[in-house]
Structures are given as structure tokens and as C-alpha cells.
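Asks: Got a structure for you, questions after.
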Amino acid sequence: MQVSKLELFKQEAFYFQLPNFSFWKERIKQIVLVEDNKNIHGHTTIPNEECQIMAKRTAWNSHKRYPILKELCDEIKKHIKKYVDEEGYDMPIIEERDCWINWYGKNNYAQPHHHAGNLATVLFVDVENTDAKFIFNSNNNFVLVKKDDVNNNFTNLKELQVKDGTVLFFDGSLYHSVSPNTTDHTRITVAANFDVVYQEDRNEY
Ligand SMILES: [Fe+2]
């Protein structure tokens with residue numbers, strides 16, 4: 001009797017460096033400064049409810065509250081659209097659903113979670129000076145590992161090395177997390193979720 005093995009699924013994530021990044025970084029850091037000093041400025045969109053992100057963040061719909069974040073969504077969309085069109089992927093229209101800024105102070109982290117919407121994106125704004133890492137988490141709960149395989153490197157975690165200015169995009173249902181920031185430097189990212197829209201009147205089928 002022979003047992004055969006099937007390869008099943010593979011996951012892909014994509015990334016690029018955002019052009020003109022210093023322009024965006026400066027404006028995003030300004031928003032964080034204002035939101036973080038709400039007592040001084042009398043303005044904040046920081047929500048009160050808890051979520052899996054043990055850090056500070058602006059409201060989910062910050063692209064509707066801060067025009068610069070709407071512009072950032074449009075910019076990210078433009079680059080993703082150019083790539084998918086050049087590669088011939090079938091992604092006719094993408095529309096932003098949510099957009100918010102995260103900032104992780106000392107010992108802040110994010111538990112494994114996934115995002116609403118089809119396509120999740122993260123812009124890494126200020127991450128290189130902290131030790132917090134972006135991690136993809138698989139939810140495998142049964143994996144065969146050989147007892148004598150000393151080189152086995154199976155893990156449910158995939159840690160990414162990203163730079164400031166990197167935009168990562170991936171299937172929004174993929175679990176991911178952020179390891180604790182043990183430094184005194186604040187880690188800043190912007191997350192945006194997009195929906196992929198297929199027009200009903202498209203007659204290619
Ligand atoms: Fe996330």
C-alpha cells in the first residue's frame with residue numbers, strides 16, 4: 001500500500017516601497033502627534049472600545065476624517081491597480097472600506113487577527129527603530145513532523161522583515177499579529193482594507 005501526499009494551498013503576500021514616502025510619513029506623524037496629545041489639542045478620534053490591537057489607533061474610518069488618509073488610500077490603490085493590471089490579475093475595481101493609523105508604544109502588541117474586506121494593506125511608517133515584528137499566523141492544528149528530522153523548520157509563524165515605507169498587501173482573511181515593542185521608540189503603521197468590486201454588467205463571462 002502506498003500513501004500519497006497532496007500539496008494543498010499556498011498563500012501569497014505582496015509588497016512594494018511607497019514612492020515619495022517622506023511626504024506621507026511627515027503627515028501621518030502629525031496626525032499621531034495630535035491624536036496622542038488629545039488633552040492639549042482637544043481633538044481625538046481614538047475609539048474607546050477594545051480590540052485585538054493592544055496599541056493606540058485612530059477610528060476605523062479615518063480616511064473619511066483626514067483627507068490626507070483618503071489621498072493615501074488613493075495612492076496605494078493606484079499602485080496596486082497598476083500592478084494587477086500589468087500582471088493580468090482579475091481585479092477590476094478596488095474601493096477602500098476602512099483606514100486607520102496604529103501606534104505601538106512600549107510593550108504594545110497585536111494579537112493574531114484578520115481584517116474585514118477582501119484585500120488588507122499595511123503601510124509601515126516608522127518600524128525600523130523598534131523590535132516589534134509583523135507576523136503572519138497560520139491556523140494549522142495538525143501537522144506531521146518527522147521525529148528524526150533535526151532540520152525541520154515547521155512553524156505556524158512567518159515573520160516579515162519590512163522597512164519604513166513598505167506597503168504590504170494580502171488576503172484580508174489571513175491571520176497576522178505584531179510582536180511586542182520593547183523599545184522606547186513608537187512604532188507607527190497605517191492599515192487600510194479594500195473591497196474588490198466586480199461590476200454586474202461586465203459581459204466577459
Ligand atoms: Fe491587522
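Asks: Only helical DSSP H runs with n ≥ 4 go in: add -39500 (n - 2.57) per run for the chain, normalise by residue count and round the 222 nm mean residue ellipticity to 500 deg cm²/dmol.
Replies: Calculated mean residue ellipticity at 222 nm is -6500 deg cm²/dmol.
Asks: Using a 10 angstrom cutoff on alpha carbons, build the Gaussian network for the chain and name the most mobile of THR166, THR155, THR186.
Replies: Taking springs between Cα atoms under 10 Å, the residue moving most is THR155.
Asks: Hey, another quick one. Need one number: nm distance between label points at LEU160 and LEU144, each 7 Å from Cα along Cα→Cβ, rounded to one decimal.
Replies: Rounded to a tenth, the inter-label distance reads 3.2 nm.
Asks: So between ASP74 and ALA13, what do we pick up on full extension, going 0.36 nm a residue minus the alpha carbon distance?
Replies: Answer, rounded to one decimal: 20.0 nm.
Asks: Relative to the longest principal axis of the C-alpha atoms of the chain, give the angle of the C-alpha long axis of helix 67-87, reported between 0 and 90° and rounded to the nearest 10°.
Replies: Its long axis makes an angle of about 30 degrees.
Asks: Say we join alpha carbon atoms closer than 10 Å with springs in a Gaussian network model of the chain; which of ASP131, ASP195, ASP90 then has the biggest fluctuation?
Replies: ASP90
Asks: Let me ask something else about it. Taking springs between alpha-carbon atoms closer than 10 angstrom, which of VAL143, VAL162, VAL32 fluctuates most in the Gaussian network model of the chain?
Replies: Ranking VAL143, VAL162, VAL32 by mean-square fluctuation puts VAL143 first.
Asks: Considering only Cα-Cα distances, which of the following residue pairs are longer than 32 Å: LYS56/LYS81; LYS56/LYS146; LYS25/LYS81; LYS38/LYS163; LYS10/LYS64; LYS82/LYS106?
Replies: Beyond 32 Å: LYS56/LYS146; LYS10/LYS64; LYS82/LYS106.
Asks: For MET54 and GLU200, what does the FRET efficiency come to when R0 = 45 Å and r is the distance between their Cβ atoms, rounded to the nearest 0.05?
Replies: It comes to 0.65.
Asks: DSSP loop (so not H, G, I, E, B), at most 14 other Cβ within 10 Å: list which trypsin sites (Lys or Arg not before Pro) in the range 109-205 pass both filters.
Replies: For trypsin sites (Lys or Arg not before Pro) across the range 109-205 that sit outside H, G, I, E and B with at most 14 neighbouring Cβ atoms in 10 Å, the list reads LYS146, LYS147, LYS163, ARG202.
Asks: Using a ≥ b ≥ c from the Cα gyration tensor of the range 85-205 (square roots of the eigenvalues), is it rounded, prolate or oblate, where a/c under 1.5 gives rounded and otherwise the larger of a/b and b/c decides, a/b for prolate?
Replies: Taking the square roots of the gyration eigenvalues as a ≥ b ≥ c, the range 85-205 is oblate.
Asks: Could you work out how far apart the two model spin labels at SER173 and ASN153 are, taking each label as a point 7 Å from the Cα in the direction of the beta carbon, and quote it in nm?
Replies: Label-label distance for SER173 and ASN153, simple model: 2.9 nm.
Asks: Please work out whether the range 134-205 counts as rounded, prolate or oblate from its C-alpha gyration tensor, where a ≥ b ≥ c are the square roots of the eigenvalues and a/c under 1.5 means rounded, while otherwise a/b larger than b/c means prolate and anything else oblate?
Replies: Note, shape of the range 134-205 comes out oblate.
Asks: Going by a ≥ b ≥ c, the root eigenvalues of the Cα gyration tensor, does the chain fall in the rounded group (a/c under 1.5), the prolate group (a/b larger than b/c) or the oblate group?
Replies: Cα axes put the chain in the oblate bin.
Asks: Take the eigenvalues of the Cα gyration tensor for the range 1-40, scale each by 5, and report the square roots as semi-axes in whole Å, largest first.
Replies: With the √(5λ) rule applied to the range 1-40, the semi-axes are 49, 17, 4 Å.
Asks: Mind pulling the angle between the C-alpha long axis of helix 21-36 and the longest principal axis of the chain? Nearest 10 degrees, somewhere in 0 to 90.
Replies: Around 70 degrees separate the two axes.
No lab work stands behind these numbers, since they all come straight from the coordinates. Quick caveat: nothing in here was measured; it's all calculated off a predicted structure. Neighbour counts run over all protein chains shown; Cβ positions are idealised from the backbone, glycine included.
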